[in-house]
Amino acid sequence: MKKRYGLGKIVSNELISRSRSRSPTDGVDIQRLSAIFVGESERANKIRYSIKMGGREEAKKIGRRGRAAVVVLGDIGRSPRMQYHALSLARQASLEVDIVAYGGSEPHSAVLQNQSIHMHKMKQWPPIPRGLPKILRPFVLLLKPLIQFLMLLWFLCVKIPAPDVFIVQNPPSVPTLAAVKLASWLRRSTFIVDWHNFGYTLLALSLGRSSFFVTLYRWFEKHYGKMSNGSLCVTRAMQHELAQNWGIKASVLYDQPPEFFRPTSPEDKHQLFCRIHDYLIQPYGLGDCISYGMVPMTSRDLNETLFTAWFSDDISLKQNRPALIVSSTSWTPDEDFEILLEAAVMYDRRVAAFLNEDDSTGDEILWKEIYDGKQFLYPRLLFIITGKGPEKEKYEEKIRKLHLKRVAFRTMWLSAEDYPLLLGSADLGVCLHTSSSGLDLPMKVVDMFGCGLPVCAVSYSCIEELVKVGKNGLLFSSSSELADELLMLFKGFPNNCNALKSLRNGALEMGSSARWATEWEENAKPLITEVISGRFN
């Protein structure tokens, strides 16, 4: 015999079950049901009105706090734009924020220390074993997105409270967009796609544009992308492509540096170079123009580094220091590192020719002259390459085989706090990003400008939306062009290189004129507010 429940019992059970939920949105329903049950119609109407009109401030007054989920099917520590989204959602929109992503690299301390941001780390899909029979590889490649889909659903539907809005990074598109769409339907939420690039163009780098799988991927990306409640993208070129060929209306949210990307003070430069000193003097099994005469910091005077000297409470840059060039890379096929290696060889050979140096002169003789303080018309170059990625070991092996007199390379991974300090301490940035779609912009260049660092970047279709030639940087299309630019910019370094100083002034001006918080407030917040408000209409 079935039990019968009166209205009071039904409402009571509903209140009990919802009170056990951690969702802030459900908390509003509790107040509404309570108001109806006890006859407080005026209070209930006030709550309904605040929800319908999207009035966050009114909702806060009566106990409601909105929530957003930032979704990244990747290493959150290597997804700075999504970290900045989380910070802005918490600081500028006053929302509770859940980040669902893979672990790996540590996010910036500002993200970790924000009490309104909550990290939920998924387990990485393990790499395919090298000894796996080829006949099983297709099965593993099909199993991977299925497992990722189920794992995403578990986190988005069970592990985190129901958000008002999901903000998902694209790419990767498979299975991310489908999982977020289903989760948003199940949890009665909305979702926004943040288009960083197109996933199908990245897949085409390895399979080719004519591949059936690339065509299928593009259909999937377009189909689920159109199901979103709103879209953001990184360039006007991408906005036009989405509108004309995908039927998707997107708001442009240019990458801009957050407040912790800025020029580095002399004290911070000195402390940074003390911290990384032992990494700088470790060559790839061979001596070079940087490691000659250098010893570990533990047995040295802490008042002196490769670049700085600290005497009588005053920090100065050494006159015979090498020029410091930074390139940040994910070591993927869309960055042709051969260009940089070839340009370094050309710089080395051309300088020797300009100075009429005898090829028979031993390297150590030149290095001793430099170590003893002799200055030349063209300086030594130290390239620091930061980042992690699949092709890193391949290029490190190529670097070991180079025989260069005036150029040295170091590869390293820096913390989220030290990376801006390095950019603010460098003399030039180099960007090798070519864009699989030709429609996105490299965020690393934005960060460099925030630190007042001029840039030499590979030229492609929309890069001039960011790099203004002759004002904050230069463009190149070949290794020879890059070598020419290095010779032009660093002639007379450090005091008599006016072209480099002019570009630095332009980078400083651009970096100080726009910041992430301002860009987000003007272009992302209105869309997010509109999408959340529409959820309650």
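The values are calculated or read from the model by the stated rules, or taken from the named source; none is laboratory data. Just so we're clear, the structure is a prediction, and the values are computed from it rather than from any experiment. Using ideal geometry, Cβ is built from the backbone for each residue, glycine included, and neighbour counts are taken over all protein chains shown. The accessibility values were calculated without ligands, DNA or RNA, using every heavy atom of the protein model including side chains. Shrake-Rupley method; radii C 1.70, N 1.55, O 1.52, S 1.80 Å.
Annotations
- Unsatisfied cross-links (Cα-Cα over 20 Å) in the set 392/491; 318/368; 222/249; 444/468; 368/405: 392/491
- Sorting 112-123, 252-263 by average packing, meaning the other beta carbons within 10 Å per residue, from highest down gives 252-263, 112-123.
- Chain lengthening between residue 295 and residue 522 when straightened (0.36 nm per residue, less Cα-Cα): 76.6 nm
- Straight-distance crosslink candidates among aspartates and glutamates, where the alpha carbon sits under 19 Å from residue 144 and sequence neighbours closer than 8 are dropped: 75, 221
- The stretch 133-267 - percent relative contact order, Cα under 8 Å, separation 6 or more: 18 percent
- Note on the stretch 274-385: with charges restricted to the Cβ of Lys and Arg (+1) and Asp and Glu (-1), its dipole about the Cα centre is near 320 debye.
- Dividing the alpha-carbon radius of gyration of the stretch 467-537 by the rule-of-thumb value 2.2 N^0.38 Å gives 1.81.
- Rolling a 1.4 Å probe over the protein heavy atoms gives the stretch 273-431 an accessible area of 45 Å² per residue.
- Phi-based couplings in Hz for the stretch 303-312 (Karplus 6.51, -1.76, 1.60; Gly and Pro marked x): 7, 9, 10, 4, 10, 10, 9, 10, 10, 6
- Of all accessible heavy-atom area on the stretch 373-498, the percent that carbon and sulfur account for (1.4 Å): 48 percent
- The P(r) of the stretch 128-207 has a tail past 16 Å containing 59 percent of all C-alpha pairs.
- Looking at the stretch 312-398, the pairs of alpha carbons with a distance over 21 Å make up 47% of the total.
- Extension gain (nm, one decimal) between residue 219 and residue 259, 0.36 nm per residue minus Cα-Cα: 10.5 nm
- More than 18 angstrom apart: percent of Cα pairs within the stretch 383-533: 65 percent
- FRET efficiency for the residue 136 to residue 275 pair, using the beta carbon distance and R₀ = 45 Å, is estimated at 0.50.
- Note on residue 350 and residue 105: the extension gain reaches 84.3 nm, defined as 0.36 nm multiplied by sequence separation minus the Cα-Cα distance.
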